[in-house]
Amino acid sequence: AFGEMQQWDESIYALRTQCLLRFGDVWDQSPHMLSGLSYAEEPPLSVWLSAASVLLFDDILWAYRLPAALAGAVLVLLLYRFAREHLPPGHALVAAALFAFSPLPVFFSRQAQPDILLALCMLAALRWAVRAVRSGRYRNAVAAGLALGAGLLAKSGIALVLPVAIAIAAAGFSA
């Protein structure tokens, strides 16, 4: 049901948040997890954000889910802005609306999991990388790197898939 925490992934991230808040395990919560559960070794960005939310709003379900909901909303806005830079306004609006109302983004925007946060970081990295290539400005490249770093803190090496794919495509076009 919508009012209950998902029994596996979402509750594991909530347990990691509790380990952070109770024991101060900022990087690795595995010593306090169920038999050192491997999820406890995944990157901590979503756990940090959930901990901040729980500290602000108390230990209630929506406080765990708030960071993902905010990340989903920002992702839709960023997608619109990115699309607007490359497409006519109407097309950008359609792209953002299709994404905003697609089942998977809606699902992950209401779960206390890092997936939508990862998508936000990857899109931000892509947007700033495109700007860096087009403008040659160092600060755009730094912003892309920071967004990519945040993606690595959100969900590990999967954040590298998009930049590697872009690099391979760029190498193919320049050859």
Item checked: In the stretch 78-175, chymotrypsin sites (Phe, Trp or Tyr not before Pro) in a DSSP loop with at most 16 other beta-carbon atoms within 10 Å -> Phe101
Checklist line | Selection from Ser135, Val26, Gly90 lying farthest towards where the dipole of the chain points positive, charges on Cβ | finding: Ser135
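With a 1.4 Å probe and every protein chain kept in, tell me what percent of the accessible surface of the chain is carbon plus sulfur.
Numbers: 6990 of 9900 Å².
In the chain, the share of accessible area belonging to carbon and sulfur is 71 percent.
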Notebook entry, point to check: Top to bottom by accessible area (1.4 Å), largest first, where do Arg127, Arg81 land?
Noted result: Arg81, Arg127
Margin query: Tell me the relative contact order for the chain as a rounded percent, counting alpha carbon contacts under 8 Å between residues six or more apart.
Written below: 20 percent
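Compute for the chain: radius of gyration divided by Kirkwood radius, i.e. Rg/Rh, restricted to C-alpha atoms, rounded to two decimals.
Across the chain, the Cα-based Rg/Rh ratio is 1.02.
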Next item on the list: Give the Rg (one decimal place) followed by the Dmax (whole number) of the stretch 110-171, computed from C-alpha coordinates and expressed in Å.
Entry: 11.8, 38
Notebook entry, point to check: Considering only protein heavy atoms, what per residue accessible area in square angstrom results for the chain with a 1.4 angstrom probe?
Noted result: 57 Å²
Check: How far, in degrees from 0 to 90, does helix 61-86 lean away from the longest principal axis of the Cα atoms of the chain, to the nearest 10?
Finding: 0 degrees
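The values are calculated or read from the model by the stated rules, or taken from the named source; none is laboratory data. Predicted model only: the values in this text are computed from it and were never measured. As a convention, Cβ positions derive from the backbone with ideal geometry for all residues, glycine included, and neighbour counts pool all protein chains shown. Surface areas here come from the heavy atoms of the whole protein model, side chains and all, with no ligands, DNA or RNA. Shrake-Rupley method; radii C 1.70, N 1.55, O 1.52, S 1.80 Å.
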